[in-house]
Amino acid sequence: MQIRVAKKSDIPDLLRLLRQILMLHHQGRPDLFRSGSEKYSERELKQLLKDEARPIFVAEVDGKVAGYVFCVLRRLDNNSIMTDVRNLHIDDLCVDETQRGKGIGTALISFAKAYAKQKGCYHMTLNVWALNENAMRFYEKCGMLPQKICMESIL
């Protein structure tokens, strides 16, 4: 397995994996997630690939993209109540449904964590939907803990 920066030729695989995650979310919360829609268009992905503050890394297995991690570098400065910190936020992580359980997700998280340390980040954060219990268990196994909890009341 090789983890590398995503490139333009990876866009079809990124779109395919983004659809897998969308379907998982749609099945869990059809009231919130549309079926058949896309988080990013091909044009938006091309723009993201140029943005140094939003790196995308892919895991390649046998010459094929088997997973990705979309990241966002953030810096909180001059906040009245929070300390000034640099953060790597994981916007999205996916391992192809046919490749899960093979250590690809763990490798992507480890790579992102090393990247965050290299960039001087204080911490790495992500959001996970409560409907995705497998993902929550996976992130906990990777050493992540809840920082805050978003709650809802459907009206």
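Give me the distance in nm between label points sitting 7 Å out from Cα along the Cα-to-Cβ direction at Arg19 and Lys141, one decimal.
2.8 nm
Using a basic spin-label model with each label point 7 Å from the Cα along Cα→Cβ, how many nm lie between Lys119 and Glu52?
It is 1.2 nm.
What does the accessible area per residue of the stretch 2-151 come to in Å², with a 1.4 Å probe and no ligands, DNA or RNA counted?
64 Å²
Counting GluC sites (Glu not before Pro) as exposed when in a DSSP loop with at most 16 other beta carbons within 10 Å, what is the longest stretch of the chain free of them?
98-151
Mean residue ellipticity at 222 nm from the helices of the chain, using -39,500 (n - 2.57) per DSSP H segment of n ≥ 4 over the full residue count, to the nearest 500 deg cm²/dmol?
-10500 deg cm²/dmol
Could you give the length gained on full extension between Leu155 and Trp129, defined as 0.36 nm per residue of separation minus the Cα-Cα distance, in nm?
Difference between extended and current length: 7.4 nm.
When N is the residue count of the chain, what does its C-alpha Rg come to as a fraction of 2.2 N^0.38 Å?
1.06
Roll a 1.4 angstrom probe over the protein heavy atoms and tell me the percent of accessible area of the chain that is carbon or sulfur.
51 percent
The values are calculated or read from the model by the stated rules, or taken from the named source; none is laboratory data. Since the model is a prediction, treat every value here as computed from it, not as a measurement. Cβ coordinates were reconstructed from backbone atoms using ideal geometry, including for glycine residues, and neighbour counts include every protein chain displayed. The accessibility values were calculated without ligands, DNA or RNA, using every heavy atom of the protein model including side chains. Shrake-Rupley method; radii C 1.70, N 1.55, O 1.52, S 1.80 Å.
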